[in-house]
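Reading through the structure tokens given below for one structure.
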Amino acid sequence: MSPPDGIAMPAKPAATGCHGGAETMQDAARAAGKSAMLDRLAADYPKGPHDQPQSMCPAFGSLRVGLRMRRVATILSGSACCVYGLTFTSHFYGARRSVGYVPFDSETLVTGQLFEDIRKAVRETARPAEYDAVVVINLCVPTASGVPLDLLPKEIDGVRIIGIDVPGFGVPTHAEAKDVLAGTMLRYARTEAEAGAVASPRTKLADGQRVTLIGELFPADPPVVAAMLAPMGLAIGPQIPAREWRDLYGALDCSIAAAVHPFYTASIREFAAAGRAIVGSAPVGESATADWLDAIGKAANISAKTIDIAKAQALAPIRAAMAANPTTARLIVSGYEGSELLVARLLMEAGATVPYVGTALPRTEWSEPDRAWLEAQGTHVQYRASLEQDIAAMRDVKPDLAIGTTPLVQAAKEQGTPAVYFTNMVSARPVFGTAGVAALPGIVATQCKGRERFSRMVGFFEAPGSTKPAKAEVV
């Protein structure tokens, strides 16, 4: 293989298989020259108290971000079984475009031919009439083997080439993998904007100061936030993750970056590098909305009187919706989307009791307002929650409803406890403002009515391996 002039290729590693285990693959990746990348991932997405939560392949997050963008092609480099699973999952979640794949075997991996094959695939894909960018994602084995995506051209005929490593042994969750790609794209776009004129977003940016929302949101949520900000003379711009490359410039062209999903560490770093103020938490329920509007207003140097006007207009309908949609349910909340603390806070303000909140994501400064509020109410907040911790909490709390990951929901239903999958409940409904208050408590009330039905089902079916009918656990 012939590297670009002046760039030395790392030593050729021995082939590393998926079966080697996380530590073996980490060691192999470092030996192959990937130490700086792994150190950055460890700093941005710290693990612990255990290795990492149980969830889907992290690379799905990066793949999802790329597939949701216009004029962006995505190419995977990894074991065929991994690529099959990722493409299946992406199409299950509604992707309507092809995913590129560069296959390999032990020989092409060790000799460096895989890199040549990737470079060839990139050159064939980088068609400026069709694409603004081509994203190449190294999965576990190519990362552990040191396949150097950083040696790919930075652009071909004006098409940007974005190479990232998203190994399961380096990125804990698929949510954080969204940030791996979003942050890399923001860094590239920020460099372009600093160098000169760039394209405007497809939708004209509003005049005045703008707020960029960071996090994948239900489509109705940004307009709700825009209405809350309007009395202060503020508007929202394109959100992150972006839906088109030119939206990255519009997202960076803001006064404030709102980390409504607090785990986008790399993306937040790019906004900070661009001199933007960062505000955490989000406008859920009454108290969080009031605090968030205060923080946004102060960051934008809005007068206290104008902030109070905005709060009055936003909070009155939220209070009315709270009164119209009360809940007295006892719940546990857990998930791997990053909005678990926000959902728990909203439901508690609506009247629910939530002794335990688990999230697969790490603790960051941008979730601190929500953590502090929840713990002041007596809620235990578990960052990097494991399935075992979630199940133990469920047995201890004895909830009317468990909101959590698929395996937690399964465990809850096996013991006769109503349960609902967090992702389906939240991603398909608004969370912010009046719309969130009207939507989520109603779902809780509906699901809690299923307890007697679950008890009948558990009593009807025999427990696996048992000659006696299973009995519903009284909780």
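How high is the relative contact order of region 18-172? Use alpha-carbon pairs under 8 Å, at least six apart in sequence, and give a whole percent. Could the numbers behind the result be given before it?
Numbers: 223 pairs, mean separation 51.3, N = 155.
Once normalised by length, the contact order is 33 percent.
Per-residue counts of other Cβ atoms within 10 Å, averaged by peptide: what ranking do you get for 293-303, 86-96, highest first? It would help to have the intermediate numbers written out before the result.
On the way: 293-303: 18.3, 86-96: 14.6.
The peptides rank, most packed first, as 293-303, 86-96.
A crude spin-label estimate for the pair HIS380 and LYS298, with each label 7 Å from Cα along the Cβ direction, gives 3.2 nm.
Which number do you get for Rg(Cα) / (2.2 N^0.38 Å) in region 18-172? Write down the numbers at each step before the final one.
Working: Rg = 15.1 Å, N = 155, 2.2 N^0.38 = 15.0 Å.
Here the answer is 1.01, to two decimals.
Less than 18 Å from a label point 7 Å out along the Cα-to-Cβ axis of THR306: which backbone N atoms in region 204-223 qualify, by residue? Within reach of a label on THR306, which here means backbone N under 18 Å from a point 7 Å along Cα→Cβ, region 204-223 contributes 206-212. Could you work out how far apart the two model spin labels at THR24 and LYS47 are, taking each label as a point 7 Å from the Cα in the direction of the beta carbon, and quote it in nm? About 1.6 nm separates the two model spin labels. Which FRET efficiency value, to the nearest 0.05, do you get for VAL198 and SER35 by plugging their Cβ-Cβ distance into 1/(1 + (r/R0)^6) with R0 = 35 Å? It comes out at approximately 0.55. Taking the charge dipole of the chain about its Cα centre, with +1 at Lys and Arg Cβ atoms and -1 at Asp and Glu Cβ atoms, the residue from VAL99, LEU217, GLY146 reaching farthest to the positive side is LEU217. With neighbours defined as other Cβ atoms within 10 Å of a residue's Cβ, the residues PHE432, PHE218 order from fewest to most as PHE218, PHE432. Rounded to the nearest 20, the Cβ-based charge dipole of region 325-460 about its Cα centre (Lys and Arg +1, Asp and Glu -1) stands at 480 debye. Among GLU194, GLU155, the ranking by other beta carbons within 10 Å of each residue's beta carbon, starting with the fewest, stands as GLU194, GLU155. Each pair of Cα atoms in region 304-392 enters the Kirkwood radius, and Stokes-Einstein at 4 °C and 1.567 mPa s then converts it into a translational diffusion coefficient of 91 µm²/s.
Note on ALA323 and SER427: the model spin-label points, each 7 Å out from Cα along the C-beta direction, lie 3.7 nm apart. Other residues within the sphere of radius under 12 Å centred on the Cβ of TYR336, judged by their own Cβ, net out at -2 (K and R +1, D and E -1).
Near LEU213: Cβ cut-off under 13 Å, other residues only, Lys/Arg at +1 and Asp/Glu at -1. The net charge is 0.
Assuming charge only on the beta carbon of Lys and Arg (+1) and of Asp and Glu (-1), the dipole of the chain about its Cα centre is about 960 debye to the nearest 20. Think of region 210-320 as having a plus end and a minus end, set by charges on the Cβ of Lys, Arg, Asp and Glu; of ALA314, SER281, TRP245, ALA314 sits farthest toward the positive end of this dipole.
Note on the chain: dipole from Cβ charges, positive end direction compared against THR108, PRO355, ALA121; the farthest Cα belongs to PRO355. Each of the peptides 223-232, 281-290 was scored by the mean count of other Cβ atoms within 10 Å over its residues; in descending order, highest first, they stand as 281-290, 223-232.
Our summary gives the chain a relative contact order of 13 percent, counting only alpha carbon pairs under 8 angstrom and 6 or more residues apart.
Quick check: residue separation of CYS81 and ARG395 times 0.36 nm, minus the Cα distance between them. What number comes out in nm?
Numbers: separation 314, 0.36 × 314 = 113.04 nm, distance 3.61 nm.
Fully extending the segment from CYS81 to ARG395 adds 109.4 nm.
Computed about its Cα centre, the charge dipole of region 210-320 is approximately 200 debye, with only Lys, Arg, Asp and Glu carrying charge at their Cβ.
Determine the relative contact order of region 325-460: mean sequence separation of Cα pairs under 8 Å and six or more apart, normalised by residue count, in whole percent.
Details: 232 pairs, mean separation 36.3, N = 136.
Dividing the mean separation by the residue count of region 325-460 yields 27 percent.
If N is the number of residues in region 194-316, what value comes out of its Cα radius of gyration divided by 2.2 N^0.38 Å? Walk me through the numbers on the way to the answer.
Numbers: Rg = 13.9 Å, N = 123, 2.2 N^0.38 = 13.7 Å.
After normalising by residue count via 2.2 N^0.38 Å, the value is 1.01.
For GLU155, the residues 5 or more places off, or on other chains, whose built amide H falls under 5 Å of its own are ILE161. Measuring how big the chain is from its alpha-carbon positions, Rg and Dmax come out at 23.6, 74 Å. Here is how the number arises for the chain: DSSP H runs of 4 or more residues each give -39500 (n - 2.57), the sum is divided by the residue count, and the result at 222 nm is -14000 deg cm²/dmol. Sorting 263-271, 368-376 by average packing, meaning the other beta carbons within 10 Å per residue, from highest down gives 263-271, 368-376.
Max-minus-min Cα coordinates of region 325-460 on each principal axis give 48, 32, 26 Å, with the largest extent listed first.
The numbers here are math on the coordinates, done by the rules we state, and not lab data. These numbers were taken from a predicted model, which means no experiment stands behind them. Neighbour counts run over all protein chains shown; Cβ positions are idealised from the backbone, glycine included.
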